[in-house]
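> Okay, handing you the structure first.
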Amino acid sequence: MNRPFGKLQMRVNGAVTPFAATPGRRLSEVLREDLRLFGTKIGCDAGDCGACTVLLNGEPVCACLTPAIRADGAEVTTVEGMASELPRLQQSFLRHGAAQCGICTPGLLTTAAALLRSNPAPSRAEVEDALGGVLCRCTGYAKIVDAVCDTGAERPAAACPVSGKAVGARLERLDGGPKVTGEESYGADLVLPDTLEVRAIRSPHHAARFTLGDIAGWAAKATGKVEVFTAADIPGENLFGTIPDFVDQPAIAGDRVRQRGEAIAIVVGEAATLDGLDLSTFPVDWTPEDSGIDLDHLPEADLHPTRPGNRMIAGLVRCGDAEGALAQSAFTAQTTIDTAYVEHAYIEPEAGIAWLDGDTLVIRACTQAPVMDRDETAKVLGLPRDRVRVIPAATGGGFGAKLDVSLQPLIGLAALRTGRPCRMVYTRSESMASTTKRHPARMTGRIGCDAEGHVTAMTFDGDFNTGAYASWGPTVAVRVPVHASGPYRTPNYHAEARAMHTNGPAAGAFRGFGVPQAALVQEALYDDLAKAAGIDRLDFRLINALRDGDRTVCGQKPGGIGIAECLEALKPHWERASDEVRVQGIAGSIRRGIGVASCWYGCGNTGLPNPSTIRLGITASGALVLHQGAADIGQGSNTVVAQLCADALGLPVGQMTLVDGDTAKTPDCGKTSASRQTFVTGKAAMLAGKMLRSKILVMSNMGDDATLSLEGDALTVTDGKAAREIRLGDLPADAHGYVLAAEETYDPPTLPLDENGQGEPYAVYGYGAQIAEVAVDMTLGTVKVLRITAAHDLGRVVNPLLAEGQVEGGVAQGLGMALMEEYIPGRTENLHDYLIPTFGDMPEIRSIFIEKADPEGPMGAKGLGEHVLIPTAPAILNAIRDASGARITRLPALPHRVLAAIRSAE
Amino acid sequence: MTAYHRPMELQEALDLLAAGGLTVAAGCTDLYPATTAKALKGDILDITAIPALRGISLDAGVWRIGAATTWTDLRRADLPPSFAGLQAAAREVGSVQIQNAGTVAGNLCTASPAADGAPCLLTLDASVELRSAEGARVLSLQEFLLGARRTALRPGEIVTAILMPEASASGQGDFLKLGARKYLVISIAMAAARVEIEDGLIRSAAIAVGACAPVAVRLAALEQRLAGHPVTEAAAMVTEDIVTPELSPIDDIRGDAAYRLTAATELVRRLLLRCAAKPAEAAA
């Protein structure tokens, strides 16, 4: 007979915990929604990512795949139990920088705990085998393995750097603590009393017209109250976007969808009511239309009337006479390369909650751009901006896709209409189908050089599939021709990139804005030319590397160009790797090869303003508060910006209290994109620190060399023998509550591009070069990347620990793009058909940091976040070719494509 | 309100099944991913509380893997070398998390063309024990797996065990899985072998390939060709012309059909090379 399941109880982290649930409810739902243990994260609900791993009677299981009934009478250990179980593991994660965004950290900690219980001193291979079921998109895994292997001894916490020594310190991230305890609160992790849930009805078609049916009748069949809102309910302008003149995407489609996954309605109700609803019965009549989702199948009809031929925009940069110079070059090479849609695959699907605070709509959601979210949401909802407040939730990875609004207008609408808090959590497939991607590209390039290997000219022509809506497509079309030369002298140049509409998912921002695709072309051709000219491939790049005083293809003379230093730093590694290939690589079924590729990347908006404003204040009681509005999505701006500010001010970074980018509390630091936060917000923070310092010095009549110390409400200024004390409690507070404060804005000086793409698009560039060492299986076409040596010029390394994390994570994404990642709409909307690298796919990564100070960057610093993945894929492809002869012209280099390329090269 | 049954006795489960309309749940690693709902859909018969269905045993000349036996159970079991391939497959199923929940029998019931367990079980001459309220029957694995996501399971029937004759549990087993990444990966192709060697000669070889046809297949012609030959020569005898007639791969996102034929042949070749490289002879 059916056993009665009335009284259930489990021991959660040692505590007897009764629970009530239907037996087949996912344990992850019981833990999170019923017991409010939000430390356990949900990344896919399919066992593909491991984020929800808990220990069930000591064994790691995906809580999302575990029926609640099986926890009855069982021991369940979640991340919330880690502090008592393995505090050293948590500390090790922080010390090694193993948590970036932190969304996968709970699952990693629990899984690692199970391993360490039975094997307290595991090898790296054992750690990889044990943790292989947990995906991480930020770190590249190496620091996680380091952390799990280093829990043997109790270690004292590292001392916080003293005044003036924060920049350059290997400082643990300042916001790391909650990430390892499970207390970090992401978009899905806040539920208020009376919260309603929001689900979207989405298009299963790439293109269709639709009419809505009897919605009231449908909603009436639900077990509880359900409200449905459609485009007709949107009070403002039903369009959002990221770039003026290209705002084209409806928050809820009205009568037509242009891509799969587009929302046509939202359904709002109590969670239990919605759980019982079959959304596939929603009354809508679809009339599918002809569609095309790739560059071979452009839609026949225009998706947007103002963009004839489905051409959204073209970017152009030209200088000299490229065709003429190519015709006279000693050697020329040409190639065409196709790339795939690439999914950001952050482990946190979009999530957030909205509620009304008086007449202010509050949105608390994942984001890379809180102020843009506020402005777009206000517009769609017909509210003045000051009646919308965006509070950034902890964000579980972004990589570009969380720059655009996703659910913000939807939950805002629901909250406005129902008057109750409304939460929405995307499913994995919903996240993948409806949010932006990296542009698929078809690019043809031609480069020439003289007999001594000097590059004479380059042409580049690329079509970029920008999908159904503009998103950041215009940025890609502009950035690509600016960067397609690579960081090399190219006196004659003609580069054009077109963003073409299809019915594929809107392609937008993804770490590098099209530059990683373009680099594939240029770096492949450099190998061809080096071979033709009989010059070592690394030397060929050194011959052509931009040097201080050189002009870029835009006619700009940047300061502090560090690419030659990066390539020089790689030389001994290149020679060592070349020797190893000579010894091991030439025969047999596994062949070794090496490749090298470079990057450069302008930090900040292209020839457009992008200011950041930092507020810094000291309260009467002596709290030093940094309003740091740069969204930290794991990359580390909370820490790096504070380090720069603290040293400029002259107080220890450890004394700073951080206030995040809550639009009600903190000035705009712009968006976390374009590798701009260390540079732009960092510089604003440095200026604010300096300004506050100078106010304090003036107040105390002390010189520049004076040192500051802050204890309680006493701010002491010491200059040699003299010391002056400022009693903070005696000073009047300003409108923000600070007795001493500074607010500084920094906007990088740039010159817009003219019709030939000439100008000064960026104030700061970063540079880098990487060597890939690979082994190619000549009969199976599989590729193992053995080692990546990455030299990057950061100008000034603000935090080496976090910088390494950026390199390793960028390499992982570059490796994925090169070897396995291919998003196919309607086919790979999950994390088992869409593959990202796992623990077992990563090479050893050696980071080398070059510090060639930038004259504009704060303390010389340059951006890094996007640079790091640009060289990886071209270096890997060049290494594959070196090993096997295979010229890969379509990414990703899946085994069957590599094998076909090997055979056609034979 | 849906029903959820979790009996402790097999007979109770069979009686419930006879009434019809139940979805059988074991590891749930395929059931949950099939829905975005917060709970399993429909009326459920959960067989994981039936002690008789869990475990691996040898009884009266038959090896038996109970239907609720997980991949982890299999991985940790002390089994003869002929099971080494199956245990290697167990280590490569999804992840530790999946291995701790997912069952060997469930893998067969889902009947994915890329089922990790199928090739090795074929080399062990496995059959499937089916029970219903009306009785029991045993089907060979080839009879059970009808096609992609299709089995011979009848309404009211469950798999209760996977059976392997002790006589087939001889020799050395091995397994190779080819995917586009290391962990959490669905095969592009895979191969399993169980080879008995005597005095350096192959006495018998059982070889199977997965993910290259709607169901995993034994390579009978190759097996016959290899019998009696020195193991050191075996790999060279694996040619596409003898492997590929048994296969009918498709083009999909993981690889194209032509590649799969090449890869399957190469995987089998490498299994035989590894077999020849093993120092000790695994006698019956």
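The values are calculated or read from the model by the stated rules, or taken from the named source; none is laboratory data. Only a predicted model underlies this, so the values are computations on that prediction, with no experimental measurement involved. We place every Cβ from the backbone using ideal geometry, glycine too, and count neighbours over all the protein chains shown.
> Every residue in segment B:1-21 that is more than 11 Å from chain A (Cβ to nearest Cβ) and under 24 Å from A:Ser280 (Cα atoms), please.
B:Gly21
> Hey, any hits in segment A:198-219 for a residue that's out of contact with any helix residue (DSSP H, G or I) (no Cβ under 7 Å at 6 or more places or on another chain), among the charged types (D, E, K, R) and modelled with pLDDT under 95?
no
> Yes or no: segment B:236-245 includes at least one residue that is surrounded by fewer than 20 Cβ atoms within 10 Å (Cβ to Cβ) and in contact with a strand residue (DSSP E or B) (Cβ under 7 Å, 6 or more places away or on another chain).
no
> Residue under question is A:Asp854, and the condition is that it be modelled with pLDDT of 95 or more, outside any loop (DSSP other than H, G, I, E, B) and of a type in the set (D, E, K, R); does it hold?
no
> Let me ask another. Does at least one position in segment A:126-144 carry a residue that is surrounded by fewer than 21 Cβ atoms within 10 Å (Cβ to Cβ), touching a residue at least 24 places away in the same chain (Cβ under 8 Å) and of a type in the set (Lys, Arg)?
No.
> Do you know which of the residues in segment B:38-47 that are more than 25 Å from A:Thr223 (Cα to Cα) and of a type in the set (A, V, I, L, M) is farthest from the other protein chains (Cβ to nearest Cβ)?
The residue in question is B:Ile47.
> Just to be sure before I move on: is A:Asp359 buried (at least 24 other Cβ atoms within 10 Å of the Cβ) and either on the phi > 0 side of the Ramachandran plot or free of Cβ contacts under 8 Å to residues at least 40 places away in the same chain (or both) in the structure I sent?
On the way: buried (at least 24 other Cβ atoms within 10 Å of the Cβ): no; either on the phi > 0 side of the Ramachandran plot or free of Cβ contacts under 8 Å to residues at least 40 places away in the same chain (or both): yes.
Here the answer is no, as A:Asp359 does not meet what is asked.
> Which pairs turn up if I take residues in segment A:32-51 that are within 14 Å of A:Glu348 (Cβ to Cβ) and look for partners that are in a loop (DSSP other than H, G, I, E, B) and aromatic (Phe, Trp, Tyr) with beta carbon separation below 7 Å, at least 6 apart in sequence or on another chain?
Pairs that qualify, where the first residue is within 14 Å of A:Glu348 (Cβ to Cβ) and the partner is in a loop (DSSP other than H, G, I, E, B) and aromatic (Phe, Trp, Tyr), are A:Arg32/A:Phe38.
> On to the next question. Could you count how many residues in segment A:46-98 are facing chain B (nearest Cβ under 9 Å), part of a loop (DSSP other than H, G, I, E, B), among the small types (Gly, Ala, Ser) and under 10 Å from A:Leu27 (Cβ atoms)?
0
> I would also like to ask the following. May I ask you to list the residues in segment B:184-206 that are within 14 Å of another protein chain (Cβ to nearest Cβ) and not in a strand (DSSP E or B)?
From segment B:184-206, those within 14 Å of another protein chain (Cβ to nearest Cβ) are B:184-191; that's our starting set.
Across segment B:184-206, the qualifying residues are B:Leu184, B:Val185, B:Ile186, B:Ser187, B:Ile188.
> Would you point out the residue of segment A:261-298, among those that are part of a loop (DSSP other than H, G, I, E, B) and in contact with a helix residue (DSSP H, G or I) (Cβ under 6 Å, 6 or more places away or on another chain), that is farthest from the other protein chains (Cβ to nearest Cβ)? Show your work before the answer.
Going residue by residue through segment A:261-298, those that are part of a loop (DSSP other than H, G, I, E, B) are A:261-262, A:270, A:276-278, A:282-283, A:289-293, A:295-296, A:298.
Checking which are in contact with a helix residue (DSSP H, G or I) (Cβ under 6 Å, 6 or more places away or on another chain) leaves us with A:261, A:283, A:298.
Working: A:Gly261: 14, A:Pro283: 20, A:Leu298: 22 Å.
Result: A:Leu298.
> Could you grab the pairs with beta carbons closer than 8 Å, sequence gap of 6+ or different chains, first residue in segment A:410-436 and assigned by TED's automatic domain parsing to the domain that holds A:Arg387, second one among the charged types (D, E, K, R) and part of a helix (DSSP H, G or I)?
Listed pairs, sorted by first residue: A:Leu413/A:Asp233; A:Arg417/A:Asp233.
> A:Thr230 is checked against (1) in contact with a Leu (Cβ under 9 Å, 6 or more places away or on another chain); (2) touching a residue at least 60 places away in the same chain (Cβ under 8 Å) and fails just one. What number does that condition carry?
It fails just one condition, (2).
> So for segment A:806-818 (the condition being in a loop (DSSP other than H, G, I, E, B) and either in contact with a strand residue (DSSP E or B) (Cβ under 7 Å, 6 or more places away or on another chain) or not charged (D, E, K, R) (or both)), does at least one residue qualify?
Taking every residue of segment A:806-818 in turn, none turns out to be in a loop (DSSP other than H, G, I, E, B) and either in contact with a strand residue (DSSP E or B) (Cβ under 7 Å, 6 or more places away or on another chain) or not charged (D, E, K, R) (or both).
> Taking A:Met842, is it within 14 Å of chain B (Cβ to nearest Cβ) and either aliphatic (A, V, I, L, M) or surrounded by 24 or more Cβ atoms within 10 Å (Cβ to Cβ) (or both)?
yes
> Right, next: Here are some conditions: (1) among the hydrophobic types (A, V, I, L, M, F, W, C); (2) assigned to a helix (DSSP H, G or I); (3) more than 10 Å from chain B (Cβ to nearest Cβ). A:Val30 meets all but one. Which one does it not meet?
Here A:Val30 meets the rest and fails (3).
> So, one more: Residues of segment A:716-767 being over 41 Å from the mean Cα position of the chain (by Cα) and in contact (Cβ under 8 Å) with a residue 24 or more places away in the chain, which ones?
Hits for segment A:716-767 are A:Arg724, A:Ile726, A:Gly729, A:Leu731.
> Quick one: A:Thr435 ticks every box in (1) over 26 Å from A:Pro244 (Cα atoms); (2) out of contact with any Leu (no Cβ under 7 Å at 6 or more places or on another chain); (3) among the hydroxyl-bearing types (Ser, Thr, Tyr) except a single one, so which number is it?
Of the numbered conditions (1) over 26 Å from A:Pro244 (Cα atoms); (2) out of contact with any Leu (no Cβ under 7 Å at 6 or more places or on another chain); (3) among the hydroxyl-bearing types (Ser, Thr, Tyr), the odd one out for A:Thr435 is (1).
> Then there's this: Please work out if B:Ala213 is away from every other protein chain (no Cβ under 14 Å) and assigned to a loop (DSSP other than H, G, I, E, B).
yes
> Among the residues of segment A:795-812, are any farther than 30 Å from A:Val680 by Cβ and basic (Lys, Arg)? I'd like the intermediate steps shown before the answer.
Taking segment A:795-812 first, the residues farther than 30 Å from A:Val680 by Cβ are none.
Checked segment A:795-812: no residue is farther than 30 Å from A:Val680 by Cβ and basic (Lys, Arg).
Condition check ((1) within 14 Å of another protein chain (Cβ to nearest Cβ); (2) surrounded by 21 or more Cβ atoms within 10 Å (Cβ to Cβ)) across all residues:
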{"position": "B:Pro33", "(1), (2)": "yes, no"}
{"position": "B:Thr36", "(1), (2)": "yes, no"}
{"position": "B:Asp59", "(1), (2)": "no, no"}
{"position": "B:Thr70", "(1), (2)": "yes, yes"}
{"position": "B:Asp78", "(1), (2)": "no, no"}
{"position": "B:Ala88", "(1), (2)": "yes, no"}
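> Return the only residue of A:Asp296, A:Asp321 being out of contact with any strand residue (DSSP E or B) (no Cβ under 6 Å at 6 or more places or on another chain), surrounded by fewer than 18 Cβ atoms within 10 Å (Cβ to Cβ) and more than 30 Å from A:Ala415 (Cα to Cα). First the steps, then the outcome.
Working: A:Asp321 fails: out of contact with any strand residue (DSSP E or B) (no Cβ under 6 Å at 6 or more places or on another chain).
Just one listed residue meets the conditions, A:Asp296.
> Take A:Met10 and tell me if it is in contact (Cβ under 8 Å) with a residue 60 or more places away in the chain, under 26 Å from B:Met8 (Cβ atoms) and more than 14 Å from every other protein chain (Cβ to nearest Cβ).
yes
> Can you tell me how many residues within segment A:549-584 are small (Gly, Ala, Ser) and not in a loop (DSSP other than H, G, I, E, B)?
Final tally of qualifying residues: 4.
> Just wondering, is there one or more residues in segment A:868-883 that are acidic (Asp, Glu), touching a Phe, Trp or Tyr at 6+ places or on another chain (Cβ under 7 Å), more than 10 Å from every other protein chain (Cβ to nearest Cβ) and crowded, with 24+ Cβ neighbours inside 10 Å?
Narrowing segment A:868-883 to residues acidic (Asp, Glu): A:882.
Subset that is touching a Phe, Trp or Tyr at 6+ places or on another chain (Cβ under 7 Å): none.
For segment A:868-883, residues acidic (Asp, Glu), touching a Phe, Trp or Tyr at 6+ places or on another chain (Cβ under 7 Å), more than 10 Å from every other protein chain (Cβ to nearest Cβ) and crowded, with 24+ Cβ neighbours inside 10 Å: absent.
> Can you name the strands (runs of 3 or more DSSP E) wholly within segment A:410-526 that have at least 2 residues being of a type in the set (Asp, Glu) and on the phi < 0 side of the Ramachandran plot? Show your work before the answer.
Numbers: elements: A:422-425, A:441-449, A:455-467, A:492-501.
Correct list: A:455-467.
> Which ones in segment A:348-379 are of a type in the set (A, V, I, L, M) and either under 26 Å from A:Ala46 (Cα atoms) or touching a Phe, Trp or Tyr at 6+ places or on another chain (Cβ under 6 Å) (or both)?
A:Ala351, A:Ile353, A:Val362, A:Ala365
> Now, a different point. Restricting to segment A:33-45, name every residue that is of a type outside the set (Phe, Trp, Tyr) and more than 7 Å from chain B (Cβ to nearest Cβ).
Within segment A:33-45, A:Glu33, A:Asp34, A:Leu35, A:Arg36, A:Leu37, A:Gly39, A:Thr40, A:Lys41, A:Ile42, A:Gly43, A:Cys44 qualify.
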